[in-house]
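Participant: Before I ask anything, let me first share the structure, which is written out below as structure tokens.
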Amino acid sequence: MENRIGSCTRKTKETDITLSINLDGSGRNQIDTGIPFFDHMLDGFARHGLFDLNVKAKGDLDVDCHHTIEDTGIVLGEAVAKALGNKAGIKRYGSFLLPMDEVLALCAIDLSGRPYLKYDAEFTVPYLGAMDTEMIQEFFYAVSYSAAMNLHLKIMDQGNNHHMAEALFKAFGKALDMATQEEPRIKEVWSTKGSL
Ligand SMILES: [Mn+2]
């Protein structure tokens, strides 16, 4: 099977983003959003999901990080959806329980075509670097609806805020890698409805 690659460009008055993802990559990535902590999170996502990811985002960071992070989520979701096409022959479900020292994060995904985010994570600091911690939920919400995926994220054991954020992004990478893997026993779309 050829590498499944999706790319997406989005330009508004607030942001200008170009992103491409190779679902069958090796984790190589080049990420520049202008928000170093967010770059660090996307690096963890790509590396541990074994996705090749290129992101160039220029946003209105003079306002704050909101539009840049939200719109990067929208563009990432669209690129994943494009790379998956009709989703024939994939596992569809994926989940991962990721420990990071004292922190334990859960991610479960169904590439169902029905967007839904269930997010349960409480941060005790407002910022990590120049990234608002409340933007973590906004990012995953944007990904979930633009890729039309059912996405559950939950911090099972709390701890250091940097660890909690990083554990969520890495768990998301691992679970998405699992859900997008090919299932050789299935040739068609794995749904009783016949489409996802
Ligand atoms: Mn880190």
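Only the coordinates and a few stated rules stand behind these numbers; no lab work does. Please read all numbers here as calculations on a predicted model, not as lab measurements. Note: ideal-geometry Cβ built from the backbone for every residue, glycine included; neighbour counts use all protein chains shown.
Participant: Given charges of +1 on the Cβ of Lys and Arg and -1 on the Cβ of Asp and Glu, with all other atoms neutral, how large is the dipole of the chain about its Cα centre, in debye to the nearest 20? Please list the in-between numbers first.
Facilitator: Numbers: 20 positive and 28 negative charges, 211 e Å.
Dipole magnitude for the chain comes out near 1020 debye.
Participant: Moving on. Compute the length gained on full extension between Thr18 and Gln137: take 0.36 nm times their separation in residues and subtract their Cα-Cα distance, giving the result in nm to one decimal. List each step's numbers first, then the result.
Facilitator: Numbers: separation 119, 0.36 × 119 = 42.84 nm, distance 2.16 nm.
So the chain would gain 40.7 nm between Thr18 and Gln137.
Participant: Hey, quick one: spin label on Lys11, modelled 7 Å out along Cα-Cβ, who in the stretch 49-78 has an amide N within reach, i.e. under 14 Å?
Facilitator: Hits in the stretch 49-78 for Lys11 at 14 Å: 57-59.
Participant: Now for a separate question. What trypsin sites (Lys or Arg not before Pro) in the stretch 3-79 are in a loop by DSSP, with at most 11 other Cβ atoms within 10 Å of the Cβ? The partial results should precede the final answer.
Facilitator: Numbers: sites: Arg4, Arg10, Lys11, Lys13, Arg28, Arg47, Lys56, Lys58; in loops: Arg4, Lys13, Arg28.
In loop regions of the stretch 3-79 (DSSP not H, G, I, E or B), the sparsely surrounded trypsin sites (Lys or Arg not before Pro) are Lys13.
Participant: Still on this structure, I have one more. So what is the diffusion coefficient of the stretch 38-177 in µm² per second by Stokes-Einstein at 37 °C and 0.692 mPa s, using a Kirkwood Rh over Cα pairs? Please list the in-between numbers first.
Facilitator: Values: Rh = 15.0 Å.
Rounded to a whole number, D works out at 218 µm²/s.
Participant: Turning to a different aspect of this structure: Find the centroid of the Cα atoms in the stretch 1-22 and in the stretch 63-126, then give the distance between the two in whole Å.
Facilitator: Result: 16 Å between the Cα centres.
Participant: Pairs of Cα atoms under 8 Å, at least six residues apart: use those to get the relative contact order of the stretch 30-93, whole percent.
Facilitator: Numbers: 38 pairs, mean separation 18.2, N = 64.
Answer for the stretch 30-93 is 28 percent.
Participant: Once the piece of chain linking Ser195 and Val125 is laid out straight, how much longer is it, given 0.36 nm per residue of separation minus the C-alpha distance between them? Mind dumping the intermediate values first?
Facilitator: Numbers: separation 70, 0.36 × 70 = 25.20 nm, distance 4.20 nm.
Difference between extended and current length: 21.0 nm.
Participant: Between Leu128, Leu42, Leu19, find the one with the highest GNM mean-square fluctuation for the chain; connect C-alpha pairs within less than 10 Å.
Facilitator: Answer for the Gaussian network model of the chain: Leu128.
Participant: If you take every DSSP beta bridge fully contained in the chain, what fraction is antiparallel? Give it as a percent rounded to 5. Write out the running numbers ahead of the final one.
Facilitator: Working: 33 of 42 bridges.
DSSP beta bridges in the chain are roughly 80 percent antiparallel.
Participant: Moving on to the next point. Please give the length that would be gained between Ile186 and Leu50 if that part of the chain were fully extended, namely 0.36 nm times their separation in residues minus their C-alpha to C-alpha distance (nm, one decimal). It would help to have the intermediate numbers written out before the result.
Facilitator: Working: separation 136, 0.36 × 136 = 48.96 nm, distance 2.23 nm.
Here the answer is 46.7 nm.
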